[in-house]
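Asker: Mind looking over this structure? Questions follow.
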Amino acid sequence: MEAGNLTRRAFAAAAAGALVAAPPWAERLGIMCQLGSSEQSAQTCLEAAARAGFTRIQATFSWDRVNAAFLASLPGWIKSNGLQCQALGAYVNCLDPATILMSTRREDFDRAIGYAAEVGATRLVAWTGSFSPDLMKPDPRNQQPDSPDRIRRFLDPFWKRIEAARLHVALETYITLACPDAPALAALLKQLPSQAGAVLDPPNMTPPARFAERDQVMREMIAALGRRIQVVHLKDFRLRGAGGAYDLPGPLDGELNYRLFAKLLGPLPDDVPVIAEHLAPAQFATARRRLLEIF
């Protein structure tokens, strides 16, 4: 009995220590900074993030349009605003890299592996991918049986460098892309090294046919992806028209159950970036206040 009491006391002490050590949500909550391709657009976004009270960001920019001066200056711009870049958008199309999505080519993903350390990022975020250049447009070829293998073959040559750089690659998907839901993405991740993980984003991975069951789908996706979750994105969604597509507003402006979402995120490791997105810089402060009321 005494041994059992000691075990329970030790567990309680460890749990209490973990609670004390966990950063408060006011510190942990991050923001997506869409930096464009110029110093002016980048500085405007970073300054808005800092003014709104954020200290953590995902930095995303137009890799195929930025110049060497932009890349050399970006770490200083981030630091001067008191921000920590946890994740770096390197949105290559892993399924079909010749089809450009979000201004990121194969060679941009390659250089992002070396560049991540410059901005302090520990995660690169990439698309599972599509044969269409339009992210919102379904393409039946994306769901071919060999699509997961095509993604794996694209990533295979990069893993040694990714591991040496102490990075993780968080694969992001959408209902129109390859591996469009949590079970399919989890099956792909089983074929990839531990450096590969997932972006948890319920609007991206909820089949429209199950929108009415979205709370249960969210529980299922977190259970399916589990420890492979490397980045969390916070936005919202609602069905558009007849229900075959989504509108994707910023967080708390759709029909996602954010109180449930916040509860389900509780067990995730503290170092997993939690990033609000689909917000203009003018919306950063209001969105942060509203999210902290939930979290």
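Where a number appears in this text, it was derived from the coordinates with a stated rule and is not lab data. Predicted model, so just to flag it, every value in this text is computed and none were measured. Note that each Cβ is placed from the backbone with ideal geometry, even for glycine, and that neighbours are counted across all protein chains shown.
Asker: Mind sorting out which of [x] 16.9; [y] 15.0; [z] 18.2 is the real mean projected area of the Cα convex hull in nm² computed from the coordinates?
Answerer: [x]
Asker: Report the extension gain between Arg161 and Gln43 in nm, rounded to one decimal, defined as 0.36 nm multiplied by the number of residues separating them, less their alpha carbon distance.
Answerer: 39.4 nm
Asker: Once whole DSSP H runs in the chain are found, which of them have Cα atoms spread over 27 Å or more along the helix axis and a mean Kyte-Doolittle score of at least 0.5?
Answerer: Flagged H segments are 2-21.
Asker: Right, next: Given the peptides 228-237, 49-58, 187-196, arrange them by the average over their residues of other C-beta atoms within 10 Å, most packed first.
Answerer: In descending order of packing, they fall as 228-237, 49-58, 187-196.
Asker: Determine which lysines satisfy two conditions relative to Lys137: a Cα distance under 26 Å, and not lying fewer than 8 residues away in the same chain.
Answerer: Lys235
Asker: Let me spell out the model: positive unit charges on the Cβ of Lys and Arg, negative unit charges on the Cβ of Asp and Glu, origin at the Cα centre of the chain. What dipole size does that give, in debye rounded to 20?
Answerer: The calculated dipole for the chain is roughly 460 debye.
Asker: Follow-up question, since we're still on this one. If you place +1 on the Cβ of every Lys and Arg and -1 on the Cβ of every Asp and Glu, how big does the dipole about the Cα centre of the range 48-122 come out, in debye to the nearest 20?
Answerer: The dipole of the range 48-122 has a size of about 300 debye.
Asker: For the range 67-183, what is the charge dipole size about the Cα centre, in debye to the nearest 20, if Lys and Arg each add +1 at the Cβ and Asp and Glu each add -1 at the Cβ?
Answerer: 280
Asker: I'd like to know which of Phe61, Pro202, Gln216 lies farthest towards the positive end of the charge dipole of the chain, counting +1 on Cβ of Lys and Arg and -1 on Cβ of Asp and Glu.
Answerer: Checking the options against the dipole of the chain, the answer is Gln216.
Asker: Relative contact order (percent) for the chain, with alpha-carbon contacts under 8 angstrom and 6 or more residues of separation?
Answerer: 17
Asker: In the chain, if the dipole is taken from +1 on Lys/Arg beta carbons and -1 on Asp/Glu beta carbons about the Cα centre, which of Asn257, Thr176, Phe109 is farthest to the positive end?
Answerer: Value: Asn257.
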